[in-house]
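The values are calculated or read from the model by the stated rules, or taken from the named source; none is laboratory data. Everything quoted here is computed from the prediction, not taken from an experiment. Note that we place each Cβ from the backbone using ideal geometry, even for glycine, and neighbour counts take in every protein chain shown.
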Amino acid sequence: MLFDRYDHEDFFDELLLADGRPRPEAELLVGKLQSFSADDLRRRQLTAERLLLQMGITFNVYGDSAGTERIFPFDIVPRIVAASEWTRIERGLKQRVRALNAFIDDIYHEQHIIKDGVVPAEIILTAKSFRQACVGLHPPRGIWCHITGTDLVRDRDGHYRRMQGRARPIRAASGEVIRWIGTWTDVEDDRLLRDQLKSSQRQLSER
């Protein structure tokens, strides 16, 4: 049995409950996994990784002198998301994409976000990605944000959190990127901290 000595330690387990029973939404998957030996799973994982490499689903690491192609991280065990959870995630992701699209549309039209002092003008107007030629442009169906990626993680209580990554390249004298450094921020925690800071500033100004 694959899970006889399984210990989920101190994190939220998406397959099993604390007493070792499968979660209702994962019963079918856990039952299937139990029919495999550890060697069966390893063989299937290696087969999948070879196929990814053969199909060219790979990436290169900046600064890797060997220039070796690497496959994107892939787990043969699928993630199970309950329908009730996915409904909430889907609603949040749609809201985020609409907000991003509204932000871009505002930047190239009324620029309320600048006039209201939310974002300084110099940050927008000097950004490398800002395109002066797009000012006043009306794309088909008003869609600016066609593709977006969102990083979601679960905390130890099983709640989904959205993370935001910031990274900077470290370059050699030749200009070659030798490595990246960066941070991950919990977006909700960051928002709460900013709201608390604004509240404190208002309280101080009223004294």
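Of all the residues in the stretch 77-109, those that are closer than 30 Å to residue 28 by Cα and outside any helix (DSSP H, G or I) number 6. Residues that are over 23 Å from residue 191 (Cβ atoms) and hydrophobic (A, V, I, L, M, F, W, C) within the stretch 159-175 comprise 170, 172, 173, listed in sequence order.
When the helices (runs of 4 or more DSSP H) confined to the stretch 110-207 are screened for residues that are under 26 Å from the mean Cα position of the chain (by Cα), those reaching at least 3 such residues are found at 187-205.
In the stretch 16-66, the qualifying residues are those that are modelled with pLDDT of 90 or more and among the small types (Gly, Ala, Ser), and the one that is farthest from the chain's Cα centre (by Cα) is 35. Look at (1) in contact with a strand residue (DSSP E or B) (Cβ under 6 Å, 6 or more places away or on another chain); (2) assigned to a loop (DSSP other than H, G, I, E, B); (3) surrounded by 14 or more Cβ atoms within 10 Å (Cβ to Cβ) and you find that residue 30 fails only one, number (2). Residue 176 satisfies every condition listed in (1) in contact (Cβ under 8 Å) with a residue 40 or more places away in the chain; (2) of a type in the set (Asp, Glu); (3) in contact with a Lys or Arg (Cβ under 7 Å, 6 or more places away or on another chain) except (3). Checking 91, 154 one by one, the residue that is touching a Phe, Trp or Tyr at 6+ places or on another chain (Cβ under 7 Å), among the charged types (D, E, K, R) and under 29 Å from residue 17 (Cα atoms) is 154 and no other.
Against the criterion of being touching an Asp or Glu at 6+ places or on another chain (Cβ under 6 Å), modelled with pLDDT of 85 or more, among the β-branched types (Val, Ile, Thr) and under 24 Å from residue 154 (Cα atoms), residue 89 does not qualify.
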